[in-house]
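Working notes for the structure below.
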């Protein structure tokens, strides 16, 4: 180890090849934090996202004088942080692990379009010994898609059920309003029918009165003529 080099608290010996560029060594703490910062900035989901992470990280590494890394090495390093399991007797979760899990949750939130904070979805973001479970595809694409679609489906189902309940209440209100309107119209119809009947009776009285008046007038005219 170079003088002044600070290894990651979760660094473990590599299990056979792959990932490091020629001459690359284990990760220093500053390299891990730079990697996590880059991942947080770009929030990669697939291969293209990780290519951008690799490009940005290696540009910084070249300017800083630290080892450049292959894309797969960076992905594995990040995955090892999110999947970290403490050794027996270890009770504290390293800060870089907490940070990696926080960033992973941000990526999941961006995919789903919602926040997981306080929703009780099985991950609380960094309690000691807690593990972020991902699939074996490097950056956990299938886990993220499952999370996103599953959560979206639950959100849609909840929204639909809420709408159905709201429509049910509105339907009940409409039925009640319809009943009130029907009662009102029936009462108005009854009133109208009564007015019509009353008007007809008055017309009959007037007609009968005119007939009587004409009859009496006729009798008087006949008497005068005699």
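A short reminder: the numbers here are calculations on the coordinates, not readings from a lab. Quantities reported herein were computed from a predicted structural model and do not represent experimental measurements. As a convention, Cβ positions derive from the backbone with ideal geometry for all residues, glycine included, and neighbour counts pool all protein chains shown.
Here are the numbers for the structure shown:
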{"quantity": "Whole-angstrom gap from the range 25-81 to the range 171-213, using each part's C-alpha centre", "calculated": "86 Å"}
{"quantity": "Sorted by Cβ neighbour density within 10 Å, fewest at the top, the residues 57, 27", "calculated": "57, 27"}
{"quantity": "Which of 103, 39 has the fewest Cβ neighbours within 10 Å, and the rest in rising order", "calculated": "103, 39"}
{"quantity": "Burial ordering of 53, 30, fewest other beta-carbon atoms within 10 Å first", "calculated": "30, 53"}
